[in-house]
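A quick write-up on the structure given underneath.
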Amino acid sequence: MFVRNKMTSNPFTISPDQTIPEAHEIMTQHNVRRLPVVKNGKLVGVVSKEDIVQFSPSKATSFSMGEITYILAKTKVSQIMSKNLVTISSNALLEEAALLMRDNNVSFLPVVDDGKLVGIITESNIFDAFIELLGFREYGTRLTVEVDDAPGIMSNLTSIIGNYGANITHVAVYRGSHGKSAIVVGINSLNTSEIEASIEKQGFKIIYKLQNKADQ
């Protein structure tokens, strides 16, 4: 799955010449925690609620409320925004986005194509894609099968299921230790008792079963 399939297109943005109160108002109005900062169509930074909090004078200062309001109203977004950005292309894989977020300890990436901001991708988008990829919310049965990590195992397992005319909707493989792996198979049926018996008869071990009786 590509970044473009899960990103938020046309995100709310702000100009570097706008002020902190304007940034705060946009974030509050649209319930977002960060805003890409764009000038002449080009991404130049990102400002977040954390940036605003860190810049704002603490309650322990000697400034009056009027003075604090004045300072914030005169401070431009360009003065507090983050400029060293990690970005990604809309044509990149979601796995690439996840790795960039993880390796750079960020929860959000601006999506940039040909120098133009086209969207944003967040941790929540990645989580949604993960759930969708594994079919966790879909009707049917998910069997987690422990197998030997060896050639031909996947073919053998899927052929058993295919013999019963069941449709395999999702497959995931988790490599373990000591030559074992766990294969998660999504099947579009709740009636899998015969399939399970055949799987175990072939020497496989079903270690977990989950059923969704209706789309959640």
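No value in this document is a laboratory result; all are computed from the given coordinates. Just so we're clear, the structure is a prediction, and the values are computed from it rather than from any experiment. Here Cβ is always computed from backbone atoms with ideal geometry, including for glycine, and neighbour counts include all displayed protein chains.
Here are the numbers for this structure:
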| quantity | calculated |
| --- | --- |
| Between the stretch 17-54 and the stretch 160-216, the alpha-carbon center distance in angstrom | 47 |
| Directionally averaged shadow of the stretch 3-130, computed from the convex hull of its alpha-carbon atoms, nm² | 8.4 |
| Projected label distance in nm at residue 163 and residue 144, using a 7 Å step from Cα toward the beta-carbon | 2.6 |
| On Cα atoms only, tilt of 123-133 relative to the major axis of the chain in degrees | 20 |
| Angle between the chain longest axis and helix 94-104 axis [Cα atoms, degrees, rounded to 10] | 50 |
| Expected 222 nm ellipticity per residue - DSSP helices of 4 or more, -39500 (n - 2.57), all of the chain, to 500 | -9500 deg cm²/dmol |
| Set of lysines with alpha-carbon distance to residue 83 below 19 Å, sequence-local pairs under 8 removed | 39, 42, 49, 116 |
| Relative contact order %, the chain, counting alpha carbon pairs below 8 Å whose residues are six or more apart | 19 |
| Lys, Arg +1 and Asp, Glu -1 on Cβ, resulting dipole of the chain about Cα centre, debye, nearest 20 | 380 |
| Inter-probe distance in nm under a simple model that places probes 7 Å from Cα toward Cβ, at residue 202 and residue 73 | 7.3 |
| Qualifying trypsin sites (Lys or Arg not before Pro) for the stretch 113-216 [loop in DSSP, other Cβ within 10 Å: at most 16] | 137, 213 |
| Built amide H within the under 5 Å cut-off of residue 113, gap 5+ | 118 |
| The stretch 110-216: relative contact order in percent, alpha carbon pairs under 8 Å with at least 6 residues between | 35 |
| Calculated FRET value between residue 83 and residue 133, using beta carbons and R₀ = 35 Å, to 0.05 | 0.55 |
| Sequence-distant lysines (8 or more away, or on other chains) whose Cα lies within less than 21 Å of residue 209 | 180, 201 |
| Vicinal HN-Hα couplings computed from phi for the stretch 39-51 (Karplus, 6.51 cos²θ - 1.76 cosθ + 1.60; Hz; Gly/Pro x) | 10, 6, x, 10, 6, 10, x, 9, 10, 10, 4, 5, 4 |
| Table column - 3J(HN,Hα) (Hz), the stretch 144-151, Karplus curve with 6.51, -1.76, 1.60, x for Gly and Pro | 9, 10, 7, 9, 6, 7, 9, x |
| The stretch 8-53 - percent relative contact order, Cα under 8 Å, separation 6 or more | 36 |
| Kirkwood-Stokes translational diffusion coefficient of the stretch 115-216, alpha-carbon pairs, 10 °C, 1.306 mPa s, µm²/s | 107 |
| Distance between modelled label sites at residue 90 and residue 177, nm, 7 Å Cα→Cβ extension | 4.4 |
| Degrees separating the helix 20-30 axis from the principal Cα axis of the chain, which is the longest one | 40 |
